[in-house]
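A quick write-up on the structure given underneath.
Every number here is computed from the coordinates shown, using simple stated rules; none is lab data. All values reported here derive from a predicted model rather than from experimental measurement. Heads up, the Cβs are rebuilt from the backbone with ideal geometry, glycines too, and the neighbour counts pull from every protein chain shown.
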Amino acid sequence: MSTSEGAIAVAHPNIALVKYWGKRDEHLVLPCADSLSLTLDVFPTTTEVRLHPHATRDYVTVDGVLARGETPRRITAFLDLVRDRAGRTERALVATRNTVPTGAGLASSASGFAALALAASHAYDLPLEPAVLSRLARRGSGSAARSIFGGFVVWHAGAPDAPDPDLASYAEPVTDARVDLAMVVVLVETGPKPVSSREAMRRTVATSPRFHDWLAATRGDLQAMRAALAGGDLAAVGAIAESNALGMHKTMENAVPPVRYLTDASRLVLDSVRRMRHAGTQAWATMDAGPNVKVLCAGDDAEHVAYELRELSDRPTVVGRSGPGATLRTGARR
Ligand code: DP6
């Protein structure tokens, strides 16, 4: 919904098949390498931005509770960008609802800032075309650049020597993918993560001796992933995604001090996935900045894979499939 004083937007998380892990510019949120993801159809974030002309600061609620600390600070910094561009000064009430546990490595910042970018740009009368919106969402959280779009999405790092590096870094849909990929989310733990992905990424870039090898590997993975998607090669998509994720975790585990998001419970799920694969089921794992495991498989196999994983791990599972890009909610009444 969009009116002159408010707008509501919905966005979904995306899970990277080739990960973004490392910034070359913290302020502009410019990544060191391209990344590629699938936007899911589960765990949407709904965000309302309503202008509040008489307020002297922004107010943020998350799932109905007034937020304090880092979250409202990041949201105000983001709204300042929108206000600057729109030439407006009014403060806002931001009400956001996640259906995914916040901060548990299930990409709530991606869906969160994608929904916020869309709702805020409309609330401040600054409707933006998708690539511009993607650049804006990137400033909130890098991976949010990808959640502006549905399905498979590539986020271009942009050439470091581009005349305007900010302009060069945005996401866009991958239009030639021929793979029906599902992701079974195994909810290992849903508490907030011990260290934010922002801090963990910073630490990895600054201290991990593996970081340069990681970048070289991820650049190769991106090319191979694009070819596998275009060629309809599910087995290659799964294998590249799993090795890319393991490489990212190994790289951060070598940071000083080490960053460890995977728990014993995550590793048990990884073992189950390997066992399933040896028994003939096409399934591969990927993990982000948290202990939860996302299991990649063919769309037709998803229910069966989810059932097996539930039996093997005794954890809840949720089947995610290719989902839509960020949308304004229309027809809502306050
Ligand atoms: C592991 O986008 O949350 O999920 O840009 O600092 O907000 P910031 O980081 P964020 O990092 C996501 C990292 C990842 C991999 C990925 O989604 O590509």
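Taking a ≥ b ≥ c as the square roots of the Cα gyration tensor eigenvalues, with a/c under 1.5 meaning rounded and otherwise prolate when a/b beats b/c, else oblate, which class fits segment 181-320?
Verdict is oblate for segment 181-320.
Nearest 10 degrees, 0 to 90: what angle lies between the long axis of helix 234-253 and the longest principal axis of the chain (Cα atoms)?
70
Residue by residue, what Karplus-based ³J(HN,Hα) values in Hz, rounded to whole numbers, does segment 8-16 have, using 6.51, -1.76 and 1.60 with θ = phi - 60° and x for Gly and Pro?
For segment 8-16, the Karplus-derived couplings read 10, 10, 10, 9, 10, x, 10, 10, 6 Hz, x marking Gly and Pro.
By what distance, in whole Å, do the Cα atoms of segment 221-263 stretch along each of the three principal axes, largest value first?
Extents along the principal axes: 41, 20, 9 Å.
By the gyration tensor of its Cα atoms, with a ≥ b ≥ c the square roots of the eigenvalues, what is the shape of segment 28-92: rounded for a/c under 1.5, prolate for a/b over b/c, or oblate?
Here segment 28-92 falls in the oblate category.
Do you know the relative contact order of the chain, to the nearest whole percent, from alpha carbon pairs under 8 angstrom that are 6+ apart?
25
Roughly how tilted is helix 302-313, in degrees to the nearest 10 and between 0 and 90, from the longest Cα axis of the chain?
Result, in degrees: 70.
How far, in degrees from 0 to 90, does helix 264-278 lean away from the longest principal axis of the Cα atoms of the chain, to the nearest 10?
In the chain, helix 264-278 runs at an angle near 50 degrees to the longest axis.
Putting +1 on Lys and Arg Cβ atoms and -1 on Asp and Glu Cβ atoms, find which of GLY112, TYR170, ILE240 reaches farthest to the positive end of the dipole of the chain.
Checked the options; the winner is GLY112.
Do the sum for the chain: with -39,500 (n - 2.57) for every DSSP H run of n ≥ 4, divided by all residues, what is the mean residue ellipticity at 222 nm, to the nearest 500 deg cm²/dmol?
For the chain, the value works out to -12500 deg cm²/dmol.
Consider just the alpha-carbon atoms of the chain and return their Rg together with their Dmax, both in angstrom.
Answer for the chain, Rg first and Dmax second: 19.2, 63 Å.
Rounded to two decimals, what is the ratio between the C-alpha radius of gyration of segment 1-54 and 2.2 N^0.38 Å?
Cα Rg divided by the expected 2.2 N^0.38 Å: 1.59.
Taking Cα atoms of segment 6-177, Rg/Rh with Kirkwood Rh, to two decimals?
Using Cα coordinates only, the ratio equals 0.95.
Taking loop as defined by DSSP and a crowding limit of 10 other beta carbons within 10 Å, which trypsin sites (Lys or Arg not before Pro) in segment 1-66 fit?
ARG57
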